[in-house]
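*Asks:* Here it is: the structure, laid out below.
What follows draws every value from the coordinates through simple rules; no lab data is involved. Values in this document were obtained by computation on a predicted structure and should not be read as measured data. Please note: Cβ atoms are built from the backbone with ideal geometry, for glycine as well, and neighbour counts cover all protein chains shown.
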Amino acid sequence: MKGRTISPGKAEGEAIVSPEPIGFYGGIDINTGIVIEKGHPLEGRCVTGKILVFPCGKGSTVGSYVIYGLKKNDVAPAGIINKETETIVATGVILAGIPCIDKIEIEKIKDGNKIFLDADKGIVEIK
Amino acid sequence: MERLFRLLVRLGEIYNADSMIPVGSVQVAGVSYKSIGDPGMEFLEDIASKGAKVKVLTYLNPAGMDLENWKKLGFPEDFAKNQLRIINAFKKMGIVVTSTCTPYLAGNLPRFREHIAWSESSAVSFSNSVIGARTNREGGPSALAAAICGVTPNYGLHLWENRQPNVKIKVNFNLNYNSDFGALGWYVGKQVKNKIPYFTGIKDANTDQLKALGAAMAASGAVALYHVEGITPEADNVKKEGLETISVGKKEIKETYDKLNTGKKPDIVIFGCPHASLREISLLADKLEGKHLKRPVWICTSRMVKEAAERMGYNEIIAKAGGSIVADTCMVVSPIEKMGYKTTGVNSGKAANYLPGFCKQEVCFANIDDLVEAQL
């Protein structure tokens, strides 16, 4: 699948797929990479080293710093794939240097799929 | 500095901006040490140490504590030390260290159609919707970049064609309390995610109520702009024909109250999310006059509004009843879970949204009268 490059780089890993938007601030613990939002489909799961797939961001604009902090704390996802990346997530991944693309039909990606993400070319491969 | 300008250029490329446009003012989020941690603090200190200065009037989002009264309110010392490092970094850049999510109530008031770069989600919603200024939902760092460069890429909500509603919300009940507006906002935000809603059926709403509505929608969803028929400034001019319609009535609001209520009895009640206006503080002073609170009540606000409330004697009335006016911070970004509180009472849909995840709190979501009653 081909999408739009938000932040360049390459990443490989297991997909962790959220059908719901993610608000990083108050949604993911900056020290552990674990989803902490109550009632979220990914609650209790860890995004570290995974290819995190979700439709779009939501909630607080401090989310950019949480993404940056996840990377600095070595608990960030290896890559991010969105349907539509908005400014908060875009700012976070650009600063953190996490490969990210959007404009992808994320419904085609299943939780646990092995994913190769080439954000330089804007390409996602399901292995 | 170059790194920050590159960030703006990259965002402009992604979102097809045709140019950079000057901004009239900026509001920077990502201030609380609790929110941004060591990585954020070091990032800001690095920028400040390189001599970066802001080019336009720039205000700050709430910090993690009252910047003057933190010791008395019981904020931990090590937390305070880091928080003050962050504040000093901002100050060095020439940012007004106001620390409020309601800059428009504290001296940073944009005009209709002015381009700005604001980032706290409720302030973004208020300035776009109620004032009719134009801003995208900036991430903390992208707002800081706009402040230092004086410009922002021209895309998204800066363009009139992108400010048109894409869903209609028909409100079929009478909203009384500000918490009703919070519940409505929380429900609608969940439904519409990042769309632009056009409300009908809201007969009247003051700026406090619109502040509550917008804040909740920006928390449960990512709503950055909404229109209200007969009330907000762009509502008459936008295209609202043929939109998908969602009806919201008593049933949906009652369900929202039930859903947001996860706790039984509050250990602490906190008002002022977003920061309380002088009108809201005056109302609370009325309700607390001559009363004796058994458990704490905080009212969060900006330093400027606290000062005005002080002059009116409201702070004294509230303090005599056992309550506290807390400035510069709010319950969501302060470490209340480390201060021994497990259940927090709020009248804000936004606070009710964030407290369980971020502050590990059970929540009592109710109107102002029920909350005051619970603490007596």
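*Asks:* Restricting the range B:108-144 to residues that are buried (at least 24 other Cβ atoms within 10 Å of the Cβ) and of a type in the set (A, V, I, L, M), which is farthest from B:Gly37 (Cα to Cα)?
*Replies:* B:Ala133
*Asks:* Hey, another quick one. Checking the structure you have, find out if any residue of the range B:179-193 is part of a loop (DSSP other than H, G, I, E, B) and either in contact (Cβ under 8 Å) with a residue 24 or more places away in the chain or surrounded by 18 or more Cβ atoms within 10 Å (Cβ to Cβ) (or both).
*Replies:* Within the range B:179-193 (the criterion being part of a loop (DSSP other than H, G, I, E, B) and either in contact (Cβ under 8 Å) with a residue 24 or more places away in the chain or surrounded by 18 or more Cβ atoms within 10 Å (Cβ to Cβ) (or both)), the answer is yes, since at least one residue qualifies.
*Asks:* To continue, here is another question. Here are A:Gly92, A:Gly112: which of them is touching a residue at least 24 places away in the same chain (Cβ under 8 Å) and either within 10 Å of chain B (Cβ to nearest Cβ) or in contact with a helix residue (DSSP H, G or I) (Cβ under 9 Å, 6 or more places away or on another chain) (or both)?
*Replies:* Every option except A:Gly92 fails the conditions.
*Asks:* Moving to a separate point now. Could you tell me how many of the residues in the range B:192-229 are under 13 Å from B:Val130 (Cα atoms) and either over 24 Å from the mean Cα position of the chain (by Cα) or within 14 Å of chain A (Cβ to nearest Cβ) (or both)?
*Replies:* 4
*Asks:* Continuing with the same structure: Can you confirm whether the range B:55-73 contains a residue that is on the phi > 0 side of the Ramachandran plot and either acidic (Asp, Glu) or in contact with a Pro (Cβ under 6 Å, 6 or more places away or on another chain) (or both)?
*Replies:* Among the residues of the range B:55-73, not one is on the phi > 0 side of the Ramachandran plot and either acidic (Asp, Glu) or in contact with a Pro (Cβ under 6 Å, 6 or more places away or on another chain) (or both), which makes the answer no.
*Asks:* Something else: Any idea which of A:Lys50, A:Lys2, A:Lys10 is more than 16 Å from B:Gly357 (Cβ to Cβ), more than 9 Å from chain B (Cβ to nearest Cβ) and buried (at least 18 other Cβ atoms within 10 Å of the Cβ)?
*Replies:* A:Lys50
*Asks:* Are any of the residues in the range A:71-78 of a type outside the set (Gly, Ala, Ser), within 12 Å of chain B (Cβ to nearest Cβ), within 17 Å of B:Val332 (Cβ to Cβ) and over 12 Å from the mean Cα position of the chain (by Cα)?
*Replies:* No, the range A:71-78 has no match at all.
*Asks:* Within the range B:345-367, is there a residue that is surrounded by fewer than 20 Cβ atoms within 10 Å (Cβ to Cβ) and of a type in the set (Val, Ile, Thr)?
*Replies:* no
*Asks:* Please work out which one of (1) among the charged types (D, E, K, R); (2) within 15 Å of A:Thr61 (Cα to Cα); (3) more than 14 Å from chain A (Cβ to nearest Cβ) is the condition B:Glu68 fails and give its number.
*Replies:* So B:Glu68 meets the others, but not (2).
*Asks:* Here is a further query. Just to be sure I understand the filter: pairs with C-beta atoms under 7 Å, separated by 6 or more residues or on different chains, first member in the range B:59-70 and touching a residue at least 60 places away in the same chain (Cβ under 8 Å), second member among the aromatic types (Phe, Trp, Tyr). Which pairs pass?
*Replies:* So the pair list comes out as B:Gly64/B:Tyr33; B:Gly64/B:Phe79; B:Met65/B:Phe75; B:Met65/B:Phe79.
*Asks:* Of the conditions (1) over 15 Å from B:Asn194 (Cβ atoms); (2) crowded, with 24+ Cβ neighbours inside 10 Å; (3) of a type in the set (Val, Ile, Thr), A:Val89 fails just one. Which one is it?
*Replies:* Result: A:Val89 passes all but (1).
*Asks:* Mind checking which residues of the range A:95-109 are touching a Leu at 6+ places or on another chain (Cβ under 8 Å) and without any contact (Cβ under 8 Å) to a residue 12 or more places away in the chain?
*Replies:* If the condition is that a residue be touching a Leu at 6+ places or on another chain (Cβ under 8 Å) and without any contact (Cβ under 8 Å) to a residue 12 or more places away in the chain, then no residue fits.
*Asks:* Grab the strands (runs of 3 or more DSSP E) fully contained in the range B:258-376, keeping just those with 3 or more residues being free of Cβ contacts under 8 Å to residues at least 40 places away in the same chain and more than 24 Å from A:Phe24 (Cα to Cα).
*Replies:* Result: empty, no element qualifies.
*Asks:* Hey, among the residues in the range B:234-257 that are assigned to a helix (DSSP H, G or I) and surrounded by 16 or more Cβ atoms within 10 Å (Cβ to Cβ), which one's farthest from the chain's Cα centre (by Cα)?
*Replies:* The selected residue is B:Glu252.
*Asks:* Here is a further query. Looking at this structure, is B:Tyr226 among the hydroxyl-bearing types (Ser, Thr, Tyr), touching a residue at least 12 places away in the same chain (Cβ under 8 Å), in contact with a Pro (Cβ under 6 Å, 6 or more places away or on another chain) and more than 29 Å from B:Lys360 (Cβ to Cβ)?
*Replies:* Yes.
*Asks:* Working only within the range B:97-107, note down all residues that are β-branched (Val, Ile, Thr) and surrounded by 20 or more Cβ atoms within 10 Å (Cβ to Cβ).
*Replies:* Selection gives B:Thr98, B:Thr100, B:Thr102.
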